[in-house]
Amino acid sequence: MPSTNGHGPKRAILYARVSTDEQARSGYSLAQQMEALRGYATREGYEILQEIEDRGQSGASLERPGIDRVRDLVAAGGISVVLAQDRDRFAREPAYHYLLRREFEEHGCQIGALNDRGDDSPEGELTDGILDQLAKFERAKTAERSRRGKLRKAREGKVVANNSIDYGFKYNDTRDGYEVDEATMPTVRRIFRMVGLEGSSLRKVKQRFEIEGLPTPGGKKFWSETFIREVIKDDVYRPHSFEEVQALVTPEVAAQLDPDKSYGIWWFNRQRHTFKQVVENTTEGKVYRKQKKSVDKPRNEWIAVPVPDASVSRELVDDARATIKDNRAPSNAGRRFWQLSGGLMRCGACGRIMNAHTTANSGRPMYFYYTCRTRYKNGTGACENGKYHAAVTVEARTWEAVAKLLKDPEQLRADLDAMIELERNSSRGDPDRASKLWTDKLLEVDRKRTRYQEMAADDLITFDELRSKLSELDSVRATAEEELEALRNYEERVVRLEKNRDTLLASLMGMVPEALDKLTPEERCQVYKMLKLRVSAYPDGSLEVSGAFGEDLGVCEMKTAQASPSGCVEGWLAL
């Protein structure tokens, strides 16, 4: 803690931070921190200039609105000290704490925390640095123990409680299992009855509930069609026989179940979530957003937890799912579903995704086109492809070409197997060896970071040199983490490809060729994604179609209306 025995005005900024949304909503932790800081500042004779809070912000990054405000005030001068209750309130990464301290010192300001254990001497700084690294290690170990504890709990057949719960259920007294909530489960049963038995659309269910004034699970007025869809798709409401559950859980869990009852399935460890702090500079200043990315884990990593039966018949659940299969929300303001959306269609000149474009004049029919996004947004000079490709024609011709492939499932199976094998062979060497190399690289980065900090503490390198070296290490760390993530996702991609292959072929085997032409636009789009289809549109109106078909898995240039010897369907798709 900085000395307060000097002369002159002592002006302090009090800083508090909470890292979870729950803490941010309650405000309890923030209030406790500020109360402790005010008491300390009063005892030490500081004039409190401002109290600054970061609500729901992680200490893993310095990109926070509150800490930005602190840095701006310190840079303006006249601040003696910035106080926080704990050192990790400033940053959980010791290097970031060190950078802040050096930055503040350049403006005659010190950084202090109520739990500082050293002093301003080299020995004191070394003590704080060592203890910070130990705290960082302990946090990582705690997180890992927590993760393993949750996995063990789920494997024991217990629900892992969090801030949300499936609608229609409530936690038991020990918060490790579900009980049916008879106050809300009737609404769930009504959803299945309206959709599965009466054939109501999701929008109709939404409108009915809103007209009746039925509150949402969050107590709001307006229902979400997406939420209703997720209820219908969730296995927690679909009854499973004892034999089905027994095949999904351990013998110890199965022994606790009643063989004469049915159960819903609550899935744990189904997705991997990553979070990233994003800062955008706008005319009104910086805007901070949190990006969440979720990817499905391999199916064999999911953990099934039996929960009480929701008392919805299996037939009703399956009928409701069949109903929404052809009742998906259309895109582009509800006008139509674009079959080649989601990056399937790209500009042949610049490679960018094609925009879905609609022309609608009063009293005239609407027309739908695919246009180059680069040219549409940046003007005629950005891309030479100024062609408006008529959506109806492009989609019809694309389906005509692909349907010919689908009518030969055995050839398609060979092509899909070749695509999966190509994906397997595309990995760079031995994945386990590569994973170890990049893990070792991360450990090396941590060792170098500590060594550079020690060199800066001994004045062997300047603050600017330290910043440069840490920046280089951050770049190496980012690369290593990206490579490790790619290796983790590699096997998941192969599993998804195999799942898509089996799903597609299973549906085709039981389908007469004429039924292919009756697939909905949404179903065709799903088939395209399974086939990894890519349609490239050129300025002269021609198209190229590539995907998981043909012996060379290459591009099928659409020039004639006949099939090539390699199995690629070819046809000129001029508009």
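How many of the residues in region 1-22 are modelled with pLDDT under 80 and within 24 Å of residue 163 (Cα to Cα)?
Total satisfying the criteria: 4.
Find all pairs meeting these conditions: Cβ atoms under 7 angstrom apart; at least six residues apart or on different chains; first residue within region 141-164 and touching a residue at least 40 places away in the same chain (Cβ under 8 Å); second residue assigned to a helix (DSSP H, G or I) and open to solvent by less than 90 Å² (accessible area, probe 1.4 Å).
156/253; 157/253; 160/153; 160/154
Among the residues in region 172-180, are any open to solvent by 60 Å² or more (accessible area, probe 1.4 Å) and touching a Phe, Trp or Tyr at 6+ places or on another chain (Cβ under 9 Å)?
Within region 172-180, one or more residues are open to solvent by 60 Å² or more (accessible area, probe 1.4 Å) and touching a Phe, Trp or Tyr at 6+ places or on another chain (Cβ under 9 Å).
Residues of region 382-400 being outside any loop (DSSP other than H, G, I, E, B), of a type outside the set (Ser, Thr, Tyr) and farther than 16 Å from residue 540 by Cα, which ones?
Correct list: 392, 395, 396, 397, 399, 400.
Over 30 Å from residue 235 (Cα atoms) and at pLDDT below 85: does that describe residue 396?
Criteria not met by residue 396.
Out of curiosity, is residue 376 modelled with pLDDT of 70 or more, in a helix (DSSP H, G or I) and in contact with a strand residue (DSSP E or B) (Cβ under 9 Å, 6 or more places away or on another chain)?
yes
What do you reckon, is residue 86 open to solvent by 60 Å² or more (accessible area, probe 1.4 Å), within 26 Å of residue 453 (Cα to Cα), more than 30 Å from the chain's Cα centre (by Cα) and of a type outside the set (Val, Ile, Thr)?
So residue 86 does not fit the description; no.
Within region 143-152, identify whether any single residue is in contact with a strand residue (DSSP E or B) (Cβ under 9 Å, 6 or more places away or on another chain), part of a helix (DSSP H, G or I) and surrounded by 13 or more Cβ atoms within 10 Å (Cβ to Cβ), and answer yes or no.
Taking every residue of region 143-152 in turn, at least one turns out to be in contact with a strand residue (DSSP E or B) (Cβ under 9 Å, 6 or more places away or on another chain), part of a helix (DSSP H, G or I) and surrounded by 13 or more Cβ atoms within 10 Å (Cβ to Cβ).
When you go through 466, 422, 484 one by one, which is the residue that is modelled with pLDDT under 80, in a helix (DSSP H, G or I) and surrounded by 14 or more Cβ atoms within 10 Å (Cβ to Cβ)?
It is 484.
For residues that are under 17 Å from residue 535 (Cβ atoms) and open to solvent by less than 50 Å² (accessible area, probe 1.4 Å), tally how many sit in region 363-392.
10
How many residues, within region 254-291, are at pLDDT 80 or above and open to solvent by less than 70 Å² (accessible area, probe 1.4 Å)?
Summing the residues that are at pLDDT 80 or above and open to solvent by less than 70 Å² (accessible area, probe 1.4 Å) in region 254-291 gives 12.
The values are calculated or read from the model by the stated rules, or taken from the named source; none is laboratory data. Given the structure is predicted, the values throughout are model-derived calculations rather than measurements. FYI the Cβ positions are ideal-geometry reconstructions off the backbone, even for glycines, and counts take in every protein chain you see. The area values use the complete protein model at the heavy-atom level, side chains included, leaving out ligands, DNA and RNA. Shrake-Rupley method; radii C 1.70, N 1.55, O 1.52, S 1.80 Å.
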